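Q: Quick one: this structure, given as structure tokens, is what I'll be asking you about.
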């Protein structure tokens, strides 16, 4: 009961921040700026004012971690495993190339810019999968700092704003079909709200197809989370030193990795909900309610992350992470377009 009392003020504050963010998002034409971005930015602006309110920060911490996991689980109610079949083999081919580009290119750029691997990985995940949702899903399993999460979301968000404006213009310039444009937007733009905005700005058909592609792309969160969880565990084991001589604890490293420790169990619940939703036994009304609840909890979580993020800490990341995000995002856009040209879908 004490936990509830301690966390309730902070949780209620994030609820209020989420509703304000949803309201602001509705004021922006075509939903270019999603409520999650508003929540994150407003939270960061309020951090200096609330940083000394211990009564609120306990709830912020719980929302940024535990409620975030609940949001990811409920996100499964918006996905259907049969969507992978519906979008066809061409979209899957494109997604494979864009994911390889995002994570392969992100790794190389991270090394080149001497960036923290967690921040580099989060930016790549946001670019390659689904913006803030992917960043939020991976952050807990690699113990990412709130400042890294905020910077990664900011890096992908700025590029998305530009793409929402430029994508329809470029699509018409290249005289793309509705199918081709929907595939391009769904595989190359990061955040779901930005995909919807760009897709429907081109045509209703392109918008519908881009959403299906985007939701299918979201399913790649599962293997990526598992991979990052494994990598983080390996690196943590290498970092452990003995108290006796300061050398690496080789005996510890030789032990097998404990899957129970690194496996993100909330992903199993996410997959279960995806599977149940795929059977069609969940009523549309219930599925819609769970999806809306997931969005609310996700915005609350991003708001909590913003409230815990200090601008000074964020500034320490410097210019290179933002450049990293722009380069990877641009590469994904180009690769998606070129692959579609090769398979004849442009």
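What follows draws every value from the coordinates through simple rules; no lab data is involved. Computed from a prediction, not measured in an experiment: that's the story for all the values here. Every residue, glycine among them, receives a Cβ derived from its backbone with ideal geometry; neighbour counts consider all protein chains shown.
Q: Determine, for each peptide in 64-75, 177-188, 35-46, the mean count of other beta carbons within 10 angstrom over its residues, then list the peptides with the highest first.
A: On the way: 64-75: 21.2, 177-188: 26.0, 35-46: 23.3.
Taking the mean over residues of other Cβ atoms within 10 Å, the ranking is 177-188, 35-46, 64-75.
Q: Okay, moving on. Give me 115, 342, 300 sorted ascending by neighbouring Cβ count inside 10 Å, so fewest comes first. Mind showing how you got there, number by number?
A: Numbers: 115 20, 342 11, 300 28.
Going from sparsest to densest Cβ surroundings: 342, 115, 300.
Q: Got a sec? How would 229, 329 order by Cβ neighbour count within 10 Å, fewest to most?
A: Details: 229 21, 329 25.
Starting with the residue having the fewest Cβ neighbours, the order is 229, 329.
Q: Quick one: divide the alpha-carbon radius of gyration of the range 147-215 by 2.2 N^0.38 Å and tell me what you get.
A: Details: Rg = 12.0 Å, N = 69, 2.2 N^0.38 = 11.0 Å.
Taking the Cα Rg and dividing by 2.2 N^0.38 Å, one obtains 1.09.
Q: Go through 289-295, 101-107, 47-53 and give me the packing order, highest mean Cβ count within 10 Å leading. Show your work: numbers first, answer last.
A: Details: 289-295: 17.3, 101-107: 20.3, 47-53: 13.1.
In descending order of packing, they fall as 101-107, 289-295, 47-53.
Q: Computed over the Cα atoms of the range 1-141, what is the convex hull's projected area averaged over all directions, in nm²?
A: 11.5 nm²
Q: Another question, then. Taking N as the number of residues in the range 5-46, what is its Cα Rg relative to 2.2 N^0.38 Å? Walk me through the numbers on the way to the answer.
A: Details: Rg = 11.5 Å, N = 42, 2.2 N^0.38 = 9.1 Å.
In units of the globular-protein estimate, the range 5-46 measures up at 1.26.
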